[in-house]
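Encoded as structure tokens, the structure appears first; notes follow it.
The values are calculated or read from the model by the stated rules, or taken from the named source; none is laboratory data. What you see is a predicted model, and the numbers here were worked out from it, not measured in a lab. Just so you know, the surface numbers come from the protein's heavy atoms only, side chains and all, with ligands and any DNA or RNA stripped out. Shrake-Rupley method; radii C 1.70, N 1.55, O 1.52, S 1.80 Å.
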Amino acid sequence: QSCHSNNKQYINKEFTMYKTDLPIDPKESAAIERRRIMESQRQSRIFNARQRIIGVDTDALVHQVKERNMLNSLEAQRNDAFAKEMIRHDQIGEILQQRQEKDVRKLNEELLRYRKEYQHDEDRREFDLNDPDFMKKDQPARVSDVDPRCTVSGAQFFQGEDLSFEPRKQLQQEQIREWTSQQTAEKQRLASEQGMADHLYDMKAIELDQRAMELASAEEQTRRNLNISTKERNMQMVKEQKAQEQLQRTQEQDDNYTEMANNIHGNMLTENPACASSAFGSHRSPITLVHMIYTASVHID
């Protein structure tokens, strides 16, 4: 294109320098017009971006399609890995929950069994107040002279006649000691059971924490592997992009060298005498004259 513009400027300069008042030959003007039309058509074909198909890198397009498919495959694999990990976590949670429910159910069964064997209603201190057979077990107003059930209002026992004070006091003291020992044993038993339950709870908590740490470690390892693969893929993409840019620069440099060589060895710089020959010279052959006459007749028609 630059060579064509230089030739055009050179032709314009020639016409400017040797302009005369003679009329222009119709044949020459027709030839110039024909060349101008052909040049405009050639430029419209070259500079039309919709019709030009030269320069499309099909290999790069195929590589982009393969790369997109690979990214989609990696994304699908990543989603599948996370889905499987979530399913495994749910299964582990269900197993741990079932195990915990089983332990709680076992503790409740043990508690009910202990209450059934060692905590009867008749062993309570206040059972005599709530005994349904109280009337059946009731005694007469006075069984003997030392009956502690006799009151002042019953006129069965008078002041100064408390002959059973010492035995009653001793019995009360023994009863208090018995109750105290029972309460102490009961408190020790409850403390032991509570300690065992706390120990089981701590063991279960430690097991759950250990399992959670293992799951977190596995998830961190999976994420680390994914990041490493992503980093390697990005580095590969960067290398491929650099190679493609280097190839483009090499091609552009080759095109520049080719254009420079064409300009150097062209008709303009080499001053080819064939380009300076005129159609009006005396050197025209008969064949050229016949061709010119035929062309003029075609234009006249």
Within segment 144-165, does at least one residue satisfy the condition of being over 29 Å from N108 (Cα atoms), at pLDDT below 90 and not in a loop (DSSP other than H, G, I, E, B)? yes
Filter segment 230-269 down to the residues that are acidic (D, E) and open to solvent by 90 Å² or more (accessible area, probe 1.4 Å), then identify the one that is modelled with the lowest pLDDT. E259
Taking Q100, is it closer than 30 Å to R224 by Cα and among the polar types (S, T, N, Q)? no
